[in-house]
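Remarks on the structure that follows.
The values are calculated or read from the model by the stated rules, or taken from the named source; none is laboratory data. Keep in mind it's a predicted model, so treat the numbers as computed, not measured. Reconstructed Cβ throughout: ideal geometry from the backbone, glycine too, with neighbour counts over all protein chains shown.
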């Protein structure tokens, strides 16, 4: 079970990468903001896990074994992928391309969507809007299935399981 992924601490991969780049336990420790003994301990755990010395002491630092050289590109890719995975998506409205599907009443189209689309063209020129007519009986199903992203309806046309937000109150003139 030594080579089971459940036994590998991903922080060890960061230590391996720093050791490979720095070729020094002391410098790797500085890069990782850890103590030299902590990184030495991590190196020992890496050696045990991979059943290879990985790095050999030299007159000036350490040098990688052939196994370490073989692992290095894969470890770098894994760390890059993990970093990409945990980074929040950066939303840039000027460059984002998206199709926003909105079901709306004729009144909502005139009062809400026409001004919204005018602003959208300025601030998010690549976002397209598809406006669909309201089908009262299908709104919940359309939202649930993702065939529409938003429904602009009067408050009496809502479904109890759908989040709603009143945009404004309008009184007849």
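For the stretch 64-76, how many residues meet the condition of being over 15 Å from residue 18 (Cβ atoms) and in a strand (DSSP E or B)?
0
Specify which of the listed residues (89, 7) is closer than 30 Å to residue 125 by Cβ and either out of contact with any strand residue (DSSP E or B) (no Cβ under 7 Å at 6 or more places or on another chain) or surrounded by 13 or more Cβ atoms within 10 Å (Cβ to Cβ) (or both).
89
Which count do you get for residues in the stretch 35-57 that are under 15 Å from residue 75 (Cβ atoms) and either in a helix (DSSP H, G or I) or not assigned by TED's automatic domain parsing to the domain that holds residue 69 (or both)?
Looking only at that region, the number is 7.
Residue 79 passes all but one of (1) part of a loop (DSSP other than H, G, I, E, B); (2) within 23 Å of the chain's Cα centre (by Cα); which number fails?
(1)
Looking only at the stretch 75-122, how many residues end up being farther than 30 Å from residue 15 by Cα, free of Cβ contacts under 8 Å to residues at least 12 places away in the same chain and not assigned by TED's automatic domain parsing to the domain that holds residue 152?
Residues that pass the stated criteria total 2.
Taking the conditions exactly as written (modelled with pLDDT under 85 and assigned to a loop (DSSP other than H, G, I, E, B)), does residue 125 satisfy them or not?
No, not satisfied.
For residue 72, only one of the following conditions fails: (1) surrounded by fewer than 10 Cβ atoms within 10 Å (Cβ to Cβ); (2) under 30 Å from residue 12 (Cβ atoms); (3) touching a residue at least 40 places away in the same chain (Cβ under 8 Å). What is its number?
Residue 72 satisfies every listed condition except (1).
Out of all the residues in the stretch 17-36, is one or more in contact (Cβ under 8 Å) with a residue 24 or more places away in the chain and out of contact with any strand residue (DSSP E or B) (no Cβ under 9 Å at 6 or more places or on another chain)?
yes
Just one of 65, 169 is out of contact with any helix residue (DSSP H, G or I) (no Cβ under 7 Å at 6 or more places or on another chain) and at pLDDT 85 or above; which is it?
The match here is 65.
Would a scan of the stretch 24-34 turn up a residue that is in a loop (DSSP other than H, G, I, E, B), loosely packed, with under 10 Cβ neighbours inside 10 Å and over 23 Å from the mean Cα position of the chain (by Cα)?
For the stretch 24-34, residues in a loop (DSSP other than H, G, I, E, B), loosely packed, with under 10 Cβ neighbours inside 10 Å and over 23 Å from the mean Cα position of the chain (by Cα): present.
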